[in-house]
Amino acid sequence: MRNLLFFFLMTSLMSVNAQESNIRIGAKAGLSLSTFSRGFFYQQDDFSYIPSFYAGALLTVRTDRSISGKLELMYSGQGSYYKATYNTQYGGRYSLGYLSLGYIIHFRLFEHLFLDAGLTTDLLIKKDNKVPSPKTFDVAGLVGVEVPILPSLSLEARVKSGRGSINNYTDYYGSAPFQTELNNLVVQVGAIYYF
């Protein structure tokens, strides 16, 4: 009981200190729904979303009352389910995992609503053997919102779209679905806790 009381006291003190500062440190986690797309925010009927999770840490630097910058380091589970019509060997679930470094501009729209827009650089750390010749690096654009519900707790929702192909598709013209360029498309919903 004493340890729990000490933890809450230290968290409260850190929160008060962080509010007086322009720098805040936090942790985030949530649900990640992902699929493969053939273009920016364009999802095909033969691919469907699969659930996973994301988790990581963030650093926020406030420049004024309306604009802040965020730096995030996260693990994001991604992939898709492919409904094969002809070649059933390529059908099923594809699971990938990325370590993402995000650079985000955080705009205050209203008192309790923020808009996030930015880029991430993603490094593939969990490969799927069914993906031929996977690319290990991706750049993605993201947009989303953050809603503070307590001084130290916020909810977030955002959409992230990869700009690079998940594989070197030019070498695999006969391997459906990899005969065309496929990008990651991810919807994330979760919580952020600021220390």
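The values are calculated or read from the model by the stated rules, or taken from the named source; none is laboratory data. None of the values given here were measured: they were computed from a predicted structure. In this analysis, Cβ positions are derived from the backbone assuming ideal geometry, glycine residues included, and neighbour counts consider all displayed protein chains. All accessible areas refer to the heavy atoms of the entire protein, side chains included, with ligands and DNA or RNA removed. Shrake-Rupley method; radii C 1.70, N 1.55, O 1.52, S 1.80 Å.
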Q: Determine if region 143-156 includes at least one residue that is modelled with pLDDT of 95 or more, closer than 27 Å to Thr180 by Cα and assigned to a strand (DSSP E or B).
A: yes
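Listed here are the residues, each with its yes/no results for (1) assigned to a strand (DSSP E or B); (2) of a type in the set (A, V, I, L, M, F, W, C).
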site: Gln89; (1), (2): no, no
site: Tyr94; (1), (2): yes, no
site: Gly97; (1), (2): yes, no
site: Gly102; (1), (2): yes, no
site: Ile105; (1), (2): yes, yes
Q) Hey, among the residues in region 4-62 that are at pLDDT below 90 and of a type in the set (Val, Ile, Thr), which one's least open to solvent (accessible area, probe 1.4 Å)? A) Thr11
Q: Give me the pairs, please: first residue somewhere in region 107-121 and without any contact (Cβ under 8 Å) to a residue 60 or more places away in the chain and among the basic types (Lys, Arg), second residue anywhere and open to solvent by 90 Å² or more (accessible area, probe 1.4 Å) and not in a strand (DSSP E or B), beta-carbon distance under 8 Å, and either six or more positions apart or on two chains.
A: Arg108/Arg65
Q) Where residues in region 109-133 are closer than 16 Å to Glu146 by Cβ and surrounded by fewer than 13 Cβ atoms within 10 Å (Cβ to Cβ), which of them is nearest to the chain's Cα centre (by Cα)? A) Leu113
Q) Which one is least open to solvent (accessible area, probe 1.4 Å) among residues in region 65-83 that are more than 30 Å from Val131 (Cα to Cα) and outside any strand (DSSP E or B)? A) Ser66
Q) In the list Val189, Val145, which residue meets the criterion of being touching a Ser or Thr at 6+ places or on another chain (Cβ under 9 Å) and surrounded by fewer than 17 Cβ atoms within 10 Å (Cβ to Cβ)? A) Val189
